[in-house]
Every structure is written in C-alpha cells, then in structure tokens.
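*Asks:* Here you go, one structure.
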Amino acid sequence: MRFVIARRQLRGHRFRHIGRWRAALLPPVLLTVLIAVLAFATPREIAFSRLLPTAPALAAAMWPVIPTILLGVCCLLVMIGLGMVYPDLGTPYTGAAIVAVTLAAAYASHVRLQREEALFQVRLVADAAQQVLLRPLPHRMQCVEIESLYLASQEQARIGGDFYEAADTPHGVRLLIGDVRGKGLSAVGAAAAVTACFRESAHDEPDLRGIPPRLETSIARHSATFPGPDLPERFATAVLAEIPHGSGQVRILNCGHPPPLLIHRGEIRVLEPTMPSPPLNLARLIGDRYWIDTFAFDPGDQLLLYTDGVTETRDRTGAFFPLADWIRGQGRREPRELLDRLHQELLRYGGGRLGDDIAAVAVQCNGVPAREPSA
C-alpha cells in the first residue's frame, strides 16, 4: 500500500515538474528572440549574435534535456541565417560556441533532473519518517476532541526534535508534548525514542508519575547507543497530561516545559507547576521527584499544549509572541480553527519565518467521558 502511495506521489511530482517547465518556457525563448532581433537590427560591429550561446545555458537551469538541445539547434540556425546576411560575422566560431554550450547545457540539465528526482525520493522517506514520529492524532478520544499542529522552522524540513502523542488508556486520555534540545538527526532519534516509549508506558503505568522515569530511561539508552558531541547536553522537556475517565479534571506533570494554557469557563489560566519536575535525561543530576497538579476540566473547556517555538517566535523588534494575550482575544474557537489561526498569526508575527520548530496540541472536553475506554 505504501509503495502504491509513493508511486502516486512520484507521478504527481512529475506532473508538477511538467507544469513548472511550462511556466519556465518563456525566458529562454524570449532571450533567443531578443538576441536574434538585436543581431539583425543593429550594425554587425556590435555583434549581438555572440550572445546566442547564453540561451541554451539559461535553458539548462529550467528545461529538460531534449528542449534544451532543440533550443541550441534553433540558436545555431539563427546564427547560420545571420552568417548569410553578414558573411564576415565570424559564424563558424560562434556556431562552434553554440554547439559546445548546448552539449554542456544538455548534460547539466540531465544532472539537475537526476538530483531533483533523488531529492524527491529523500522527501518521500522523510514524510514516511514523520508519519512514524509524528503520526496523525485521532480527532476524538472518548469525549475529548484533539487537534495538532506542527511547523518546521526550515521550509524544506519535514521532521525535527518537537514531538507529541496521545493515548486512550484504561487510566484516562493521556497526552504528551515535548522538545528535544538541539537539532538534526540526534534530536530526531531522541524524540522518536521518547514517543515510542510513551505509547507503551501510557497504557502500562497506572500512576502518571510512573511514565517520566521510563521516558528518562528511554532517552538515556538512546543517547548511550548513539553518542555525539551534544551528548552531555542532550535532554528533553515535556508535559504529560491525563484526563481521567469520568473525573471532570485534568492532571498535569510538567518536566521543565512551557506551561500549558487552560481555557476554563471563558477564563485563560497559565498552568504553572506548583513544583518543577526534572527534564528528561536530567533526573540523575537534579533529582527524580515528579509533581502532579490537578485542575478542573469541564465540558467546553480547552487545553493548549505547545513547545517553546510558539512563545519564542519574535517580531521585528525582538519581542516574543504573547500567546496568552492572543488567546484571550480569540473568543470561542474550536480546536482546529484555533490552531489554524495560531499558524497564520505566528507566520505573520515572525515576518513569514520561524526561528524554531513549533508543535501544538489543542484539546477540548465535549462532555463527561465514560469511566472505561472504548474497545
């Protein structure tokens, strides 16, 4: 099934490539026409015809191989026609230059297309990796509605060190969001290790405090298996949330992460932890005591979990994005609409660019959930 999807994506890529080629058809043709017109209309001493080899050179950056060669042949014919009008124009030399440049341009076009194809295959692999690391969350668990948002700081990026996950367990709906310090493959690997461990431990551990030590062990093992120059500073901040079945409450365990926002009966509350819990992979240094804070979570209430890329987005003056104030000005929004508006506002606030990866999860209570999860 994945192979079929990949083939369809590749076919769509080729169609898009043809569309881009059609859009890029005009510049090399216009350049050829312009040089030809100037060569015929101006005195031969100016010799605009010597610029004809630039047309196939330009086409190599935009066109496939065969059209590039055909353009070179067209330029050669134009040069031959000029030679008939102006016998002393140096047609053999310019003609040889056109042939040489056309052959080089055809080879350059071939190499460019191969690299574009290879890049597209790499992006397919990255998309598959993202589906494993940040697989789409279910839109509903029990009576809890869940929506997620992920934005890469780099335009071509697919995955990073931010992560989130949700699980419908016998102990309630459990959520995880976090951020691995650093960038690159080491951060991606650590994030994958943490989310994979959460998917198991969320079901096994009856107490929410039992999950962080297992996540701690997971990231420590990953760091030991894949050491790197950032090993002494490799850790992750995270927030774990639990909505017990039938309780009307949400329990928050914050491991050094930005505090979630709770919209309770129309009021915005920043859920700062009563006591800080250690970030993952730092418990051996600063202690392994984990604290849970409990808050009311009634029907209609919303919970927003996010990574520091949201609040650390800066405007042109260097001011951080005022998330809590922005939420207060939004009024009543459904989770999907809220995240879509947040996406647009962050891009606007940051001037179209993001300084860090961004992940956010919006949760809404739509009723009092049953005491047992659905099968």
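*Asks:* Could you list all residues from the range 348-363 that are at negative phi and at pLDDT below 90?
*Replies:* Residues satisfying the conditions are GLY350, ARG353, LEU354, GLY355, ASP356, ASP357, ILE358.
*Asks:* If I ask for residues that are at pLDDT below 90 and on the phi > 0 side of the Ramachandran plot, which ones from the range 256-288 would you list?
*Replies:* Correct list: ARG265, GLY266, ASN281, GLY287.
*Asks:* Something else now. Would you point out which residue out of GLY355, GLY300 is surrounded by fewer than 17 Cβ atoms within 10 Å (Cβ to Cβ), farther than 21 Å from TYR164 by Cβ and not charged (D, E, K, R)? Working first, answer last.
*Replies:* Numbers: GLY355 fails: farther than 21 Å from TYR164 by Cβ.
Answer to the selection: GLY300.
*Asks:* Might you check whether a residue that is more than 19 Å from the chain's Cα centre (by Cα) and touching a residue at least 24 places away in the same chain (Cβ under 8 Å) occurs anywhere in the range 305-312?
*Replies:* Checked against the condition, which is being more than 19 Å from the chain's Cα centre (by Cα) and touching a residue at least 24 places away in the same chain (Cβ under 8 Å), the range 305-312 yields no hits at all.
*Asks:* Given the structure, is PRO273 under 19 Å from GLU242 (Cβ atoms), more than 28 Å from the chain's Cα centre (by Cα) and surrounded by 15 or more Cβ atoms within 10 Å (Cβ to Cβ)?
*Replies:* Yes: the conditions hold for PRO273.
*Asks:* Also: Just the residues that are without any contact (Cβ under 8 Å) to a residue 12 or more places away in the chain and more than 17 Å from VAL33 (Cβ to Cβ), please, taken from the range 61-71. Spell out the reasoning first.
*Replies:* Residues of the range 61-71 without any contact (Cβ under 8 Å) to a residue 12 or more places away in the chain: 66, 70.
Hit for the range 61-71 is ILE66, nothing else.
*Asks:* Being touching an Asp or Glu at 6+ places or on another chain (Cβ under 8 Å) and not aromatic (Phe, Trp, Tyr) narrows it down to one of PRO227, PRO206, PRO279, PRO258, so name that one.
*Replies:* The unique qualifying residue is PRO258.
*Asks:* Right, next: Right, GLY355: part of a loop (DSSP other than H, G, I, E, B) and more than 15 Å from the chain's Cα centre (by Cα) or not? Talk me through it step by step, then tell me what you get.
*Replies:* Working: part of a loop (DSSP other than H, G, I, E, B): yes; more than 15 Å from the chain's Cα centre (by Cα): no.
Criteria not met by GLY355.
*Asks:* Something else now. Could you tell me whether the range 115-131 includes any residue that is of a type in the set (S, T, N, Q), in a helix (DSSP H, G or I), outside the structural domain of SER201 (by TED's automatic domain parsing) and modelled with pLDDT of 85 or more?
*Replies:* Among the residues of the range 115-131, not one is of a type in the set (S, T, N, Q), in a helix (DSSP H, G or I), outside the structural domain of SER201 (by TED's automatic domain parsing) and modelled with pLDDT of 85 or more, which makes the answer no.
*Asks:* Within the range 287-312, restricting attention to residues that are of a type in the set (A, V, I, L, M, F, W, C) and out of contact with any helix residue (DSSP H, G or I) (no Cβ under 8 Å at 6 or more places or on another chain), which residue is farthest from GLU147 (Cα to Cα)?
*Replies:* Step one: of the range 287-312, the residues of a type in the set (A, V, I, L, M, F, W, C) are 291-292, 295-297, 303-305, 310.
From what is left, the residues that are out of contact with any helix residue (DSSP H, G or I) (no Cβ under 8 Å at 6 or more places or on another chain) are 291, 295-297, 303, 305.
Details: TRP291: 26, PHE295: 21, ALA296: 20, PHE297: 17, LEU303: 11, LEU305: 11 Å.
Result: TRP291.
*Asks:* Still on this structure, please answer the following. Go over the candidates LEU82, LEU51, LEU77, LEU58 one by one and state the one that is hydrophobic (A, V, I, L, M, F, W, C), out of contact with any helix residue (DSSP H, G or I) (no Cβ under 7 Å at 6 or more places or on another chain), within 18 Å of VAL33 (Cβ to Cβ) and assigned by TED's automatic domain parsing to the domain that holds PRO28.
*Replies:* Matching residue, one of LEU82, LEU51, LEU77, LEU58: LEU77.
*Asks:* Sticking with this structure for a sec: Could you give every pair whose Cβ atoms fall below 6 Å, whose first residue belongs to the range 257-284 and is in contact (Cβ under 8 Å) with a residue 24 or more places away in the chain and assigned by TED's automatic domain parsing to the domain that holds ARG209, and whose second residue is part of a loop (DSSP other than H, G, I, E, B) and among the basic types (Lys, Arg), counting only separations of at least 6 or pairs across chains?
*Replies:* none
*Asks:* Take LEU175 and decide whether it is at pLDDT 90 or above, under 22 Å from HIS139 (Cα atoms) and in contact with a Leu (Cβ under 7 Å, 6 or more places away or on another chain).
*Replies:* Considered against the rule, which asks whether it is at pLDDT 90 or above, under 22 Å from HIS139 (Cα atoms) and in contact with a Leu (Cβ under 7 Å, 6 or more places away or on another chain), LEU175 comes out as yes.
*Asks:* So, LEU346, is that one assigned to a helix (DSSP H, G or I), surrounded by 15 or more Cβ atoms within 10 Å (Cβ to Cβ), of a type in the set (A, V, I, L, M) and touching an Asp or Glu at 6+ places or on another chain (Cβ under 6 Å) or not?
*Replies:* no
The values are calculated or read from the model by the stated rules, or taken from the named source; none is laboratory data. Since the structure is predicted, the reported quantities are computational estimates derived from the model, not experimental observations. Every residue, glycine among them, receives a Cβ derived from its backbone with ideal geometry; neighbour counts consider all protein chains shown.
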